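Student: This structure is in structure tokens; I'll ask about it shortly.
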Amino acid sequence: MNAITIGFKNLTRKKIRTTLTVAGIALAVAVLVSLLGFDAGYQKSLSGDIDKLGYHLLVTAKGCPYEAATLILKGGGGLRYMEENIFKRIASDPRVDKITPQLMNSVYNQEGAGGKGAFAMYVGIEHSYLELKPWLKFRWGGWFSGSAADEVIMGYEAAEVEQRKPGDKVFVPGVSKVLTVKGVLKRSGTQDDGVIFLPLATAQNIFELPGKLTGVGVKLKDIGQIADFEESLYNEPGIQVVSLAEVRGTILNLVASARAMAGSVALIAIFVALIGVTNTILVSVFERTREIGVMKALGASSFDVFKIVWSETVIVCALGGLAGVILAISGSGLTAKVIRGMLPYAPQGELVLIKGEFVWMALLAAIVVGLIAGTYPAWRASRMKPVEAIRAGE
Amino acid sequence: MKDVIVRAEKISKIYKLPGEQIAAVKDIDLDIYAGDFISIMGPSGSGKTTLLDLIGCLTSATGGRLTVMGRDVSGAGESCLVKVRRQFLGFVFQDFLLIPSLTVVENVLLSLYFSRQHQDKKRAINVLNLVGLGQRLNHLPAQLSGGEKQRVAIARAIITNPKLLLADEPTGNLDSRASQEVFDLFKQLNEKEGLAVVVVTHNPELGNQAGRVIKLKDGRLAA
Ligand SMILES: Nc1ncnc2c1ncn2[C@@H]1O[C@H](COP(=O)(O)OP(=O)(O)OP(=O)(O)O)[C@@H](O)[C@H]1O
Ligand SMILES: [Mg+2]
């Protein structure tokens, strides 16, 4: 017999009430853990996406920096074009290690996605693209037979969806030319999986954009030169330089407001749960007024009574914390799915990453909530005078 | 010369209400010795419960002097009174007031826990055997009859080896047979264990079995 066992046994007396209170805490903790998990998961997968681009800087036509940021990661409409000759000037800079020009175009295909209609991403590239992304490997076939060949290399998923193998024909909607599949890439876990690649010259030709590029990816010999290098490009007309650190920052800024909102929801949930626990335990203290009086007659000190009531709230909150962590972990897949649908840009990979330290933090938070929530009811209980308590309700 | 357990000298409890004063207990002198078996009787409202609460250090007097085992407790605060209760006193109430979430044996052990004594389960079982409930150790109070509950309450009160057992209408919720059994148990504890007992009762048949009968009227000792 000690304060904790006495408190625990009392909780088992009103099972439904205890369960509901635990559920309140569990929900709040689950929100908190999911939020922390999202924060960590998003940053990690975003960094992963950015690392997999293979370059440090992207040179694009002047425009909105956010557009540029998402353009880099997911491609898409509303593209602006820059002149190819700028690419040649940059390429001659001695600080450049590798450089690759790209021309992106997305084309709507009415027959895509099993007749529902979908955008297909086409990217015109040169061989340097593969040099910047050494992890891109061929599943079947290989590189284009010529720099202006009417051929495509398909990303893993693009090939799966269209059921294409080397030698098959590919029709680009709105384009009369028929292209031949030259190669199919292995799965890379990046946006490249969904892309259909063409030789740059072929892309400029069939999309009627001669001498145009959407972007130039640059990898420097020394990453410390990024700032210098960016500065040297200020004089080039009509372009902007986006470093990947900036891309990361811009995108994190975009989700910052969503994070702040989710954070306040978590805080409010915890606050509401705290009030709920205080209220429940207070009610149970008043219900037990006579029992508390008897305990004092039996020799219980005020602190004994305080400890019993405090134990009860801490037990409720610790159980709630545990249940909340389990809820958050088992529901993380669903949470990721829901969040993915709400974000302007959702990176590949695990969007909700629940680290071990979050579990401990959440449990600790739950116990702290218990200690806070229990203070007032425990104090009220401890202050009861034996005679008045025993005679109460007679 | 017998040991004095409780000495009350002109002890009073006056409730001050707006516009009036109620003297629940007024100038009572009373000595309780080791081995005493006292019953307190008197009409409703005569101050029996109040006197018992005063002796039991459950509340403090507004006047007079009260010593328990030689310690003056008049005017002492709750933190001091609780130590006196823990060490010297045991309580039994009319409606038993067992803790419903705890089993019979746990209810008895609870008393040891609050008294800072070793929670010796064997001792608890012995005491429960003594009150005739050795077979019901793991039952919950709700599974017991009124008479059985009161026996558990008595076991709970005496396990700490108090000097004085205080019972406020312990048979008020029991039929006449169970009442007599509880009273017999008090007598047994008094005679065999030498425990001093003070019982408040409305039942003269029971009350007159005590060694000493105290009658109260309007908060005073009646002749
Ligand atoms: N908290 C209180 N405030 C005001 N008056 C009180 C209080 N408690 C008791 N009294 C009064 O003190 C007097 C004695 O009460 P007490 O409960 O001691 O009587 P009793 O002899 O035990 O009666 P009963 O046989 O009905 O239990 C009564 O007049 C009662 O109204
Ligand atoms: Mg009374």
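The values are calculated or read from the model by the stated rules, or taken from the named source; none is laboratory data. The shown structure was predicted, so the numbers you read here are calculated from the model rather than taken from an experiment. So basically every Cβ, Gly included, is an ideal-geometry build from the backbone, and we count neighbours across all protein chains shown. Protein only, heavy atoms only, side chains kept; ligands, DNA and RNA dropped before computing areas. Shrake-Rupley method; radii C 1.70, N 1.55, O 1.52, S 1.80 Å.
Student: Are any residues in the range B:162-185 closer than 24 Å to B:LYS83 by Cα and away from ligand 2 (no atom under 16 Å from the Cβ), and if so, which ones?
Tutor: Listed by number, the residues that qualify are B:PRO162, B:LYS163, B:LEU164, B:LEU165.
Student: Hey, another quick one. Could you pull out the residue among A:SER302, A:SER330 that is open to solvent by 10 Å² or more (accessible area, probe 1.4 Å) and within 14 Å of chain B (Cβ to nearest Cβ)? Full working, then the answer.
Tutor: Working: A:SER330 fails: within 14 Å of chain B (Cβ to nearest Cβ).
The conditions single out A:SER302.
Student: Going through the range B:152-189 one residue at a time, which ones are assigned to a helix (DSSP H, G or I) and out of contact with any strand residue (DSSP E or B) (no Cβ under 9 Å at 6 or more places or on another chain)?
Tutor: Within the range B:152-189, B:VAL152, B:ALA155, B:SER176, B:ARG177, B:ALA178, B:SER179, B:GLN180, B:GLU181, B:ASP184, B:LEU185, B:GLN188 qualify.
Student: Output the residue which, of all residues in the range B:102-131 that are touching a residue at least 40 places away in the same chain (Cβ under 8 Å) and away from chain A (no Cβ under 11 Å), is surrounded by the most Cβ atoms within 10 Å (Cβ to Cβ).
Tutor: The selected residue is B:VAL104.
Student: Considering the range A:356-376 alone, what residues qualify as being surrounded by fewer than 16 Cβ atoms within 10 Å (Cβ to Cβ) and out of contact with any Leu (no Cβ under 8 Å at 6 or more places or on another chain)?
Tutor: Across the range A:356-376, the qualifying residues are A:GLY356, A:GLU357, A:TRP360, A:LEU364, A:VAL368, A:LEU371, A:THR375.
Student: Here is a check on your reading of the model: is B:THR50 part of a strand (DSSP E or B) and out of contact with any Asp or Glu (no Cβ under 7 Å at 6 or more places or on another chain)?
Tutor: On the way: part of a strand (DSSP E or B): no; out of contact with any Asp or Glu (no Cβ under 7 Å at 6 or more places or on another chain): yes.
Considered against the rule, which asks whether it is part of a strand (DSSP E or B) and out of contact with any Asp or Glu (no Cβ under 7 Å at 6 or more places or on another chain), B:THR50 comes out as no.
Student: Considering only the range A:88-104, state which residues are part of a helix (DSSP H, G or I) and among the charged types (D, E, K, R). Please lay out each step first, then the result.
Tutor: Initially, the range A:88-104 is screened for residues part of a helix (DSSP H, G or I), giving A:88-91.
If the condition is that a residue be part of a helix (DSSP H, G or I) and among the charged types (D, E, K, R), then A:LYS88, A:ARG89 are the ones that fit.
Student: Residues being within 16 Å of ligand 2 (Cβ to nearest atom) and surrounded by fewer than 20 Cβ atoms within 10 Å (Cβ to Cβ): count how many of those fall in the range B:15-25. Even if it seems obvious, please write down each step before you answer.
Tutor: The initial filter retains those residues of the range B:15-25 that are within 16 Å of ligand 2 (Cβ to nearest atom), namely B:15, B:22-25.
From what is left, the residues that are surrounded by fewer than 20 Cβ atoms within 10 Å (Cβ to Cβ) are B:15, B:22-23.
Matching residues across the range B:15-25 total 3.
Student: Let me ask something else. List the pairs whose first member sits in the range A:378-392 and is facing another protein chain (nearest Cβ under 10 Å), whose second member is away from ligand 1 (no atom under 11 Å from the Cβ) and not in a helix (DSSP H, G or I), and whose Cβ atoms are under 6 Å apart, counting only residues at least 6 apart or on separate chains?
Tutor: Final answer for the pair search is A:PRO386/B:LEU58; A:VAL387/B:LEU58.
Student: A follow-up question, please. Tell me, please, whether a residue that is open to solvent by 50 Å² or more (accessible area, probe 1.4 Å) and free of Cβ contacts under 8 Å to residues at least 24 places away in the same chain can be found in the range A:341-352.
Tutor: Scanning the range A:341-352, I find at least one residue that is open to solvent by 50 Å² or more (accessible area, probe 1.4 Å) and free of Cβ contacts under 8 Å to residues at least 24 places away in the same chain, so the answer is yes.
Student: Take the conditions at pLDDT below 85 and touching a Ser or Thr at 6+ places or on another chain (Cβ under 8 Å) and apply them to A:LYS74. Does it pass? Spell out how you get there, then give the answer.
Tutor: On the way: at pLDDT below 85: yes; touching a Ser or Thr at 6+ places or on another chain (Cβ under 8 Å): no.
Here the answer is no, as A:LYS74 does not meet what is asked.
Student: Going by what's in this entry, would A:PHE197 be described as aromatic (Phe, Trp, Tyr) and under 30 Å from the mean Cα position of the chain (by Cα)?
Tutor: Working: aromatic (Phe, Trp, Tyr): yes; under 30 Å from the mean Cα position of the chain (by Cα): yes.
Yes.
Student: Given the residues B:PHE91, B:PHE96, which is the only one that is under 20 Å from A:THR289 (Cβ atoms) and more than 8 Å from chain A (Cβ to nearest Cβ)?
Tutor: Values: B:PHE91 fails: more than 8 Å from chain A (Cβ to nearest Cβ).
Result of the check over B:PHE91, B:PHE96: B:PHE96.
Student: Within the range A:377-394, take every residue that is closer than 17 Å to A:SER284 by Cβ and outside any helix (DSSP H, G or I) and give me the one that is most open to solvent (accessible area, probe 1.4 Å). Let's see the steps before the verdict.
Tutor: So the first thing to find is which residues in the range A:377-394 are closer than 17 Å to A:SER284 by Cβ, and the list is A:377-384, A:389, A:392-393.
Filter once more, so that each one left must be outside any helix (DSSP H, G or I): A:384, A:392-393.
On the way: A:MET384: 30, A:ALA392: 32, A:GLY393: 88 Å².
So, considering only residues that are closer than 17 Å to A:SER284 by Cβ and outside any helix (DSSP H, G or I), the one most open to solvent (accessible area, probe 1.4 Å) is A:GLY393.
Student: Only one residue in B:LYS83, B:LYS16, B:LYS10, B:LYS26 is closer than 27 Å to B:THR171 by Cα and out of contact with any helix residue (DSSP H, G or I) (no Cβ under 9 Å at 6 or more places or on another chain). Which one?
Tutor: B:LYS26
Student: Within the range A:273-294, count every residue that is β-branched (Val, Ile, Thr), within 17 Å of A:LYS385 (Cα to Cα) and either crowded, with 21+ Cβ neighbours inside 10 Å or not assigned by TED's automatic domain parsing to the domain that holds A:LYS9 (or both). Give the derivation first.
Tutor: Of the residues in the range A:273-294, the ones β-branched (Val, Ile, Thr) are A:275, A:277-278, A:280-281, A:283, A:285, A:289, A:292, A:294.
Remaining after also requiring within 17 Å of A:LYS385 (Cα to Cα): A:285, A:289, A:292, A:294.
Right, trim to either crowded, with 21+ Cβ neighbours inside 10 Å or not assigned by TED's automatic domain parsing to the domain that holds A:LYS9 (or both) and you get A:285, A:292, A:294.
Of the residues in that region, 3 qualify.
Student: I need the full set of residues from the range A:8-51 which are more than 22 Å from A:LEU363 (Cβ to Cβ), within 28 Å of the chain's Cα centre (by Cα) and among the β-branched types (Val, Ile, Thr), in order please. Spell out how you get there, then give the answer.
Tutor: From the range A:8-51, those more than 22 Å from A:LEU363 (Cβ to Cβ) are A:9-10, A:13-17, A:42-51; that's our starting set.
Checking which are within 28 Å of the chain's Cα centre (by Cα) leaves us with A:42-51.
The one that is more than 22 Å from A:LEU363 (Cβ to Cβ), within 28 Å of the chain's Cα centre (by Cα) and among the β-branched types (Val, Ile, Thr): A:ILE50.
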